[in-house]
Every structure is written in C-alpha cells, then in structure tokens.
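Below is one structure, written out as structure tokens, with a few remarks after it.
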Amino acid sequence: MIDELLAEAGERMDAAVAAAHNTFGSVRTGRASPSILDRIMVDYYGAMTPVKQLATVNVPEARLITVQPYDASSIKAIEKAIMESDVGLTPSNDGRLIRLSIPELNEERRRELVKVVRGLAEDGKISVRNVRRDIMHDLKSLKDDGDVGADDERRGEQELQKLTDAKIADLDVLLKGKEEEILEV
C-alpha cells in the first residue's frame, strides 16, 4: 500500500519536473525557438487559444521566428497577443505573415529573464511539495485507519522526503542549466 503511494508520488513529481522543464523552454534566450511562443494565448472569437493552434510557427534563421496564421483574419489578434506578452518581442506583419526578430539580449534583460526562470523553478518546487503534502496526508490516513503501523508510516514519510529532495535537486540542475544558457553571451 505504501509502495503504491510512493510510486504515485514519483510519477506526479516527475510530471511536475517535466512541466517546469517545458516551461523553461518558453523563456527566450539569444536564439530563436518556436517554444518561446508556447505560453502565449490569443483571444480568438472569444476563446483563449494557444498560438500553435492558430498558426504555423517556423524558425527560418537563427534570429527570426515567423508565424503564419491558418486564418488570415486572426493575424491582428495574434500580433496583439504577442505584443502584450512578456516575451519582449515586437511583431511586424505584412498581412499574411508575422515576423519576430530576436534581438541580442542586453545584460539587464538577461538578469530579468533569470528572475523569470527562478520564479518558474519555484513554481515547479511548489508543485513537488504539494505532491509530498498530499501523499503525507494519505499516509496519515492509512495509519489512522489501522491499515499500516506507525513504523511503516514513518518509513514511508522518510522515503517520500528522499524522493522530494531528489526531484527538487533535479529542478535545481535544470534551473542552473537554463541560467547559464540565458547568461551566455
């Protein structure tokens, strides 16, 4: 019973780490990447829709992203969503294609992006800790119901804490790598 809870905790914590890693990809560095636009939502006929569902996103050059909407009438809404987002890019459109030029990052903007990434990493750590809290509650319930003894509960809590520490260390490694990528000139 405890092993099943620990396995569930491991899966949920892995998912939290993977989600944080994917979110890191949406923070821009000095290079063009389509994942920069992953977090941008467009108001498309009253529904908030991701850019990837409304347009083809390409990287024809190292410092250029192109966004070609499937529906030409949505180009203004996509352009507005990009302008209002925190990616720091100014779109230019020719009526059928939006171009996003990726400028060199200055030192100040790099520091701001590091702060953003640290906040995203902290969100990931909070998700991992929330999983730990939920499983701790489940372990306590098992003990209270008489399904397991106090020693088994304590062993389960110790294993859960080791798992939590390992996942938070994984997030710290990912954060360090992303910080280095952002600060690289």
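Some points to look at:
- Checking LEU89, LEU105, LEU139 one by one, the residue that is in a loop (DSSP other than H, G, I, E, B), touching a Gly at 6+ places or on another chain (Cβ under 8 Å) and hydrophobic (A, V, I, L, M, F, W, C) is LEU105 and no other.
- Test result for LYS167, of a type in the set (Lys, Arg), open to solvent by less than 80 Å² (accessible area, probe 1.4 Å) and either free of Cβ contacts under 8 Å to residues at least 60 places away in the same chain or touching a Phe, Trp or Tyr at 6+ places or on another chain (Cβ under 8 Å) (or both): no
- Exclusive hit being among the hydrophobic types (A, V, I, L, M, F, W, C) and out of contact with any Lys or Arg (no Cβ under 6 Å at 6 or more places or on another chain), set ILE182, ILE126: ILE126
- Residues that are part of a helix (DSSP H, G or I) and open to solvent by less than 40 Å² (accessible area, probe 1.4 Å), drawn from the stretch 5-35: LEU5, LEU6, ALA9, GLY10, MET13, ALA16, VAL17, ALA20, PHE24, GLY25, SER35
- Evaluation of GLU79 against (1) farther than 17 Å from PRO50 by Cα; (2) touching a strand residue (DSSP E or B) at 6+ places or on another chain (Cβ under 7 Å) (one fails), failing number: (1)
- Tally of residues being open to solvent by less than 60 Å² (accessible area, probe 1.4 Å) and either within 12 Å of MET1 (Cβ to Cβ) or touching an Asp or Glu at 6+ places or on another chain (Cβ under 8 Å) (or both) across the stretch 116-145: 9
- Any hit, the stretch 54-75, residues being part of a helix (DSSP H, G or I), farther than 28 Å from ILE182 by Cα and under 22 Å from the mean Cα position of the chain (by Cα): yes
- Considering ALA72, ALA121, ALA166, the condition of being under 23 Å from VAL27 (Cα atoms) and of a type outside the set (S, T, N, Q) is satisfied by ALA121 alone.
- Considered as a group, the residues in the stretch 42-60 that are among the aliphatic types (A, V, I, L, M) and surrounded by fewer than 14 Cβ atoms within 10 Å (Cβ to Cβ) include one that is nearest to THR23 (Cα to Cα), and that residue is MET48.
- Scanning the stretch 66-101 for residues that are open to solvent by 10 Å² or more (accessible area, probe 1.4 Å) and of a type in the set (Ser, Thr, Tyr) gives THR66, TYR70, SER73, SER85, THR90, SER92, SER101.
The values are calculated or read from the model by the stated rules, or taken from the named source; none is laboratory data. Being a predicted model, the structure only gives us computed values, none of them experimental. Glycine also receives a Cβ, built like all others from the backbone with ideal geometry; neighbour counts cover every protein chain displayed. Keep in mind that these areas ignore ligands, DNA and RNA; they rest on the heavy atoms of the full protein, side chains included. Shrake-Rupley method; radii C 1.70, N 1.55, O 1.52, S 1.80 Å.
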